[in-house]
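Peer 1: Quick one: structure below, then a few questions.
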Amino acid sequence: MKISSTHRLERLQDRYANGGMDRRTFLGLTAAAAASMGVMTGWGRNALAAVTEVRFDGWGGVVQEAIDKYAFQPYTAKTGRKVVQGTFDDENVVITKIKSASPGDFQIIHSSGVEYYKKYIDNGWTSEINEANIPNLANVMTAMIEPFRKMTPKLSCAPYDYGTTGIAYNTKYISEAEAKEKGANLLVDPKYKGKIGAYGDMVTRVWYASLQTGQDPNDAKDMDAVWAKVREARDLTKKYWGSGAELMDLLAKEEIVVTDAWSGRIAALQQQGSPIGYNDPAGSYAWMEDMLILKGSPMAECEELINFMLDTATSIAVAEGQNYPPSLDPKKVKLTDKIAKLPAFDPTGDMKSLTFANPDYWAAHSDDWTKQWDRISKGA
């Protein structure tokens, strides 16, 4: 039976709304169908033209400033294609926005590694990258790619950088020897009550409470002990911080003298001359970030941008600017002395010295633990 042009447009709209095709394909096919009917709308003309911009959402602050300066601006100068940027302090916030958005509204996310990758997979939002369009992916550490490929053999992302959430301390009040001796327990030392900071998210709080109770953060057996330690830490904590900028400000002003902290932000403080030490105790939380392309994105243009970002010179410049080591394999690419001195840098390229979250374990408990953390953070 011959399908009418109107019916064809309706079917294309249904497929797009249900995530059955990406935005670029949808606009192209509907524009062509409309043209065959003798209709040419404003959006139809745009659909038949080249993609002129790509959407990117990231962490803001000095991290995104470095990406913009050393990657996006040169990319736009080279291609003429603009990168429209959004920011978030908590990736769960952007995930909530994606749930109510149309495919293609959000395109590239500077995402927090494998545990978040699983969230995108479970929601059906992942794409399939044509790796031939990202030849610079060959220089990325295999140890960073493998965890993603185990989840989706056809990647939806490219690993880009990594770091740790270790312990930062003011050396005017806490010595390096004390920090190393006490390790994770420095965060629950009554001696520093009212001068302790902490990142206000569930994963970090449960991770460190697991270490403080002598348990594996990826396989804690006694959650009652973990939650008791979370409460103990809460009563000693002056401030839960929610962004890298707030973390740096609290330490710089000496409102807090010890906190769990993001390695790159501490490197920035150290470069500014602040008396801040940094220690990664055994089992401290390591994470790798990736450039994730969502289903419905203009794939070729997103792949082109990510390949540009993974160019050796670009990736090194971004890494030095944001103070997080790049995903480039140090056995394949010569990195700079500045990168080699960054906290969390792994010179071997095998990542075996770092402890990453098990995505299946954390996904299985995420909802219940988030509710429990929310109650405790409010005083329960």
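None of the figures in this text is laboratory data; all of them are computed from the coordinates on show. All of these numbers come straight from a predicted model, not from anything done at the bench. In this analysis, Cβ positions are derived from the backbone assuming ideal geometry, glycine residues included, and neighbour counts consider all displayed protein chains.
Peer 1: Note the listed values (1) -0.35, -0.45, -1.34; (2) -0.43, -0.54, -1.25; (3) -0.57, -0.65, -1.18, then indicate which one is log10 I(q)/I(0) by the Debye sum over Cα atoms at q = 0.07, 0.08, 0.15 Å⁻¹ calculated from this particular structure.
Peer 2: Working out log10 I(q)/I(0) by the Debye sum over Cα atoms at q = 0.07, 0.08, 0.15 Å⁻¹ from the coordinates points to (1).
Peer 1: If contacts are Cα pairs under 8 angstrom and at least 6 residues apart, what is the relative contact order of the chain in percent?
Peer 2: 26 percent
Peer 1: Also: Where does the charge balance sit around Asp350 when Lys and Arg score +1, Asp and Glu -1, over other residues with C-beta under 12 Å from its C-beta?
Peer 2: -1
Peer 1: Using Cα centres only, tell me the gap between the range 155-189 and the range 339-360 in whole Å.
Peer 2: Centre-to-centre (Cα) distance: 13 Å.
Peer 1: Report the percentage of all Cα-Cα pairs in the range 268-331 whose separation exceeds 14 Å, rounded to a whole percent.
Peer 2: So the portion of pairs separated by more than 14 Å is 71 percent.
Peer 1: 7 Å from Cα along Cα→Cβ at both Lys69 and Lys150: what's the point-to-point distance in nm?
Peer 2: In this crude label model, Lys69 to Lys150 measures out at 3.7 nm.
Peer 1: Identify, among Met291, Val63, Ile98, the residue whose Cα sits farthest towards the positive end of the charge dipole of the chain, taking +1 on the Cβ of Lys and Arg and -1 on the Cβ of Asp and Glu, with the dipole about the Cα centre.
Peer 2: Ile98
Peer 1: So which trypsin sites (Lys or Arg not before Pro) in the range 96-201 end up in coil per DSSP with only 14 or fewer other C-beta atoms within 10 Å?
Peer 2: Passing both the DSSP loop test and the Cβ count: Lys154, Lys172, Lys193.
Peer 1: Ok, one more. More than 18 Å apart: what percent of Cα pairs in the range 188-238 qualify?
Peer 2: Roughly 25 percent, once rounded to a whole number.
Peer 1: Charges at C-beta only: +1 for Lys and Arg, -1 for Asp and Glu. How large is the resulting dipole of the range 94-201 about its Cα centre, in Debye rounded to 20?
Peer 2: I would put it at about 340 debye.
Peer 1: Still on this structure, I have one more. For q = 0.14, 0.24 Å⁻¹, what log10 I(q)/I(0) does the range 161-265 give under the Debye formula with an equal point scatterer on each alpha carbon and no solvent?
Peer 2: Each listed q maps to, in turn, -0.50, -1.43.
Peer 1: Nearest 10 degrees, 0 to 90: what angle lies between the long axis of helix 299-309 and the longest principal axis of the chain (Cα atoms)?
Peer 2: Tilt of helix 299-309: around 40 degrees.
Peer 1: Something else about it: Excluding same-chain residues fewer than 8 positions from Lys239, which lysines have a Cα within less than 26 Å of its Cα?
Peer 2: Excluding near neighbours in sequence, the set is Lys172, Lys180, Lys182, Lys191, Lys193, Lys195, Lys229, Lys253, Lys371, Lys378.
Peer 1: So if I place +1 on the C-beta of Lys and Arg and -1 on the C-beta of Asp and Glu, and nothing else carries charge, what would the dipole magnitude of the chain be about its Cα centre? I want it in debye, nearest 20.
Peer 2: Using only the charged Cβ atoms, the result is roughly 700 debye.
Peer 1: Rank Leu187, Val203, Ala300 by how far each Cα sits towards the positive end of the charge dipole of the range 180-314 (+1 on Lys, Arg Cβ; -1 on Asp, Glu Cβ) and give me just the farthest.
Peer 2: Leu187
Peer 1: Could I ask something else about it? Using only the Cα atoms of the range 257-380, what semi-axes does the equivalent ellipsoid have when each is the square root of 5 times a gyration tensor eigenvalue? Give whole Å, largest first.
Peer 2: Those come to 28, 24, 15 Å.
Peer 1: Considering every Cα-Cα pair within the range 83-145, what fraction, in whole percent, is farther apart than 19 Å?
Peer 2: When every Cα pair of the range 83-145 is considered, 40 percent fall beyond 19 Å.
Peer 1: Let me ask you something else. Assign unit charges at the C-beta atoms only (+1 for Lys and Arg, -1 for Asp and Glu), then state the dipole size of the range 163-252 relative to its Cα centre in Debye, rounded to the nearest 20.
Peer 2: 340 debye
Peer 1: In addition: Given a Förster distance of 22 Å, report the FRET efficiency between Tyr361 and Thr336 from their Cβ-Cβ distance, rounded to the nearest 0.05.
Peer 2: 0.05
Peer 1: Let me ask something additional. Under 8 Å for C-alpha pairs, at least 6 residues apart: give me the relative contact order for the range 108-254, rounded to a whole percent.
Peer 2: Relative contact order of the range 108-254: 19 percent.
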